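**Student:** Provided herewith is a single structure, encoded as structure tokens, for subsequent inquiry.
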Amino acid sequence: MKRIILEQVKELSTNILIISLFLLIVQILSIYVISTNSAISTGIEMWVYAADIIDFFYPLLITLPFTWVIFFRKKNSYYDYVSTRFKLSKYIISQFLAIALVAFLITFLVNLFGIFASMFIINPQHLFTGTDAYAYSLPPLPLNIEIKNQIIFGIFASLWKGAVAAIMTIGANIIAFTTKNIFISSFFVFVYFLLENMLTGALNLSEYSIVTSLSLGRLDTSYYTTFNMFVGPCIFLIVSSSIFLYTTKRERYLV
């Protein structure tokens, strides 16, 4: 399995490079815009605000470069050929894990660089200091971790965002492998995020949304409990897996 994962990562190297550079540029630009039009108490605050903007489109940006690979391999009967050389289930799981690993690393590194840029490179034009400064509290992280050191917080926050991104790509790949529609394959995760966000908002349950799990500065810190931050990603995986099981069962029935 390790060899298959490494081969998959190598095959996706072009996709990885393009999406990494794009996300990095978007994040730096967003941080710079925040630095020019917001009152900032501490550098990392710029990253938190900028991340809220990027996170809205992130489900699409981190899944679209990879889901089409799964979709067209399934459509073009690539997996039928693979099944003559490898155990198909093992190969598909390895491919899903490879893409999840890639999504995790891209998200972790891009966010970590953005955090360091907001702390040491990009200077806010409206920095409050001295008597004008206001107390900015870093958002809590899963497992009830509250960190005051900004560098350590940045590492843990990037790791958490990377984990959520990996979960998103796993769900996206499940749908891409299942569906026969390229639009559903490409936009399922993004549409899911929109609908889930509207539904939880209408029910006043935003703390359980996967959007809240991804965006650390979206709600008041009291809502970021360990249970709340894991609910959204778990429900997403359950929905994706349920669609997969229903579709495959239905296809076997029709056959």
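The values are calculated or read from the model by the stated rules, or taken from the named source; none is laboratory data. Note that the coordinates shown come from a computational prediction; the quantities given were computed from them, not determined experimentally. Neighbour counts run over all protein chains shown; Cβ positions are idealised from the backbone, glycine included. Just the protein is used for accessible areas: all its heavy atoms, side chains included, with ligands, DNA and RNA removed. Shrake-Rupley method; radii C 1.70, N 1.55, O 1.52, S 1.80 Å.
**Student:** Loop sites only, by DSSP: take the trypsin sites (Lys or Arg not before Pro) in the chain that have at most 12 other C-beta atoms within 10 Å and name the longest stretch containing none of them. Mind showing how you got there, number by number?
**Tutor:** On the way: sites that count: 85, 87, 148, 180.
The longest uninterrupted stretch comes out as 1-84.
**Student:** Related question: Determine the calculated [θ] at 222 nm for the chain from helices alone, applying -39500 (n - 2.57) to every DSSP H run no shorter than 4 residues and normalising by the residue count; nearest 500 deg cm²/dmol. Show your work: numbers first, answer last.
**Tutor:** On the way: 9 runs with 185 residues, N = 255.
Here the helix-only value at 222 nm equals -25000 deg cm²/dmol.
**Student:** Now for a different question. So what are the ³J(HN,Hα) numbers for the stretch 196-206, from phi and the Karplus equation (6.51, -1.76, 1.60; θ = phi - 60°), rounded to whole Hz, Gly and Pro as x?
**Tutor:** 5, 5, 5, 5, 5, x, 5, 8, 6, 10, 4
**Student:** Counting only Cα, what are the radius of gyration and maximum Cα-Cα distance Dmax of the stretch 34-141, in Å?
**Tutor:** Taking only Cα atoms of the stretch 34-141, I get Rg and Dmax of 21.0, 71 Å.
**Student:** Pop out the ³J(HN,Hα) list for the stretch 231-244 in order, Karplus 6.51 cos²θ - 1.76 cosθ + 1.60 with θ = phi - 60°, rounded to Hz; leave Gly and Pro as x.
**Tutor:** Computed from phi, the couplings for the stretch 231-244 are 4, x, x, 5, 4, 4, 5, 5, 5, 4, 5, 5, 4, 4 Hz.
**Student:** Let me ask you something else. Could you state the per residue volume, in Å³, of the convex hull enclosing the Cα atoms of the stretch 12-85?
**Tutor:** Values: hull volume 7.4 nm³, N = 74.
Cα-based convex hull of the stretch 12-85, divided per residue, equals 100 Å³.
**Student:** Tell me the label-point distance for the pair residue 239, residue 204, using the 7 Å Cα-to-Cβ offset, in nm and rounded to one decimal.
**Tutor:** About 2.2 nm, to one decimal.
**Student:** Considering only protein heavy atoms, with the full assembly of protein chains and a 1.4 angstrom probe, order 229, 198, 1, 119 by accessible area, largest first.
**Tutor:** Numbers: 229 5, 198 120, 1 90, 119 45 Å².
Greatest to least solvent exposure: 198, 1, 119, 229.
**Student:** Oh, and also: How large is the direction-averaged shadow of the alpha-carbon convex hull of the chain, in nm²?
**Tutor:** Details: hull surface 61.1 nm².
Here the figure is 15.3 nm², rounded to one decimal.
**Student:** For the stretch 96-186, which whole-number percentage of the solvent-accessible area (1.4 Å probe, protein heavy atoms only) is attributable to carbon and sulfur atoms? Please list the in-between numbers first.
**Tutor:** Values: 2950 of 4330 Å².
Its accessible area is 68 percent carbon and sulfur atoms.
**Student:** Cα centroid distance between the stretch 27-54 and the stretch 69-117, in Å?
**Tutor:** Here the two parts' Cα centres lie 31 Å apart.
**Student:** Give me the net charge of residue 96's neighbourhood, meaning all other residues with Cβ under 15 Å from the Cβ of residue 96; Lys, Arg count +1, Asp, Glu -1. The partial results should precede the final answer.
**Tutor:** Details: positive: 2, 73, 74, 87, 90; negative: 7, 11.
It works out to a net charge of +3.
**Student:** Let me ask something else. Identify the chymotrypsin sites (Phe, Trp or Tyr not before Pro) of the stretch 53-137 meeting these criteria: DSSP loop state and at most 11 other C-beta atoms within 10 Å of the C-beta. Before the final figure, lay out each step's value.
**Tutor:** Numbers: sites: 56, 57, 66, 68, 71, 72, 78, 79, 81, 86, 91, 96, 104, 108, 113, 116, 120, 128, 134, 136; in loops: 86, 128, 134, 136.
Answer in residue order: 134.
**Student:** Moving on. Cut-off under 19 Å on the C-alpha distance; same-chain residues fewer than 8 positions from residue 2 excluded. Which lysines are left, in chain and number order?
**Tutor:** Leaving aside lysines fewer than 8 places away in the same chain, those within reach of residue 2 are 10, 87, 90.
**Student:** Something else about it: Report the gain in length on full extension from residue 13 to residue 181: 0.36 nm times residue separation, minus Cα-Cα distance, nm rounded to one decimal. Walk me through the numbers on the way to the answer.
**Tutor:** Working: separation 168, 0.36 × 168 = 60.48 nm, distance 2.54 nm.
Net length gain for the segment: 57.9 nm.
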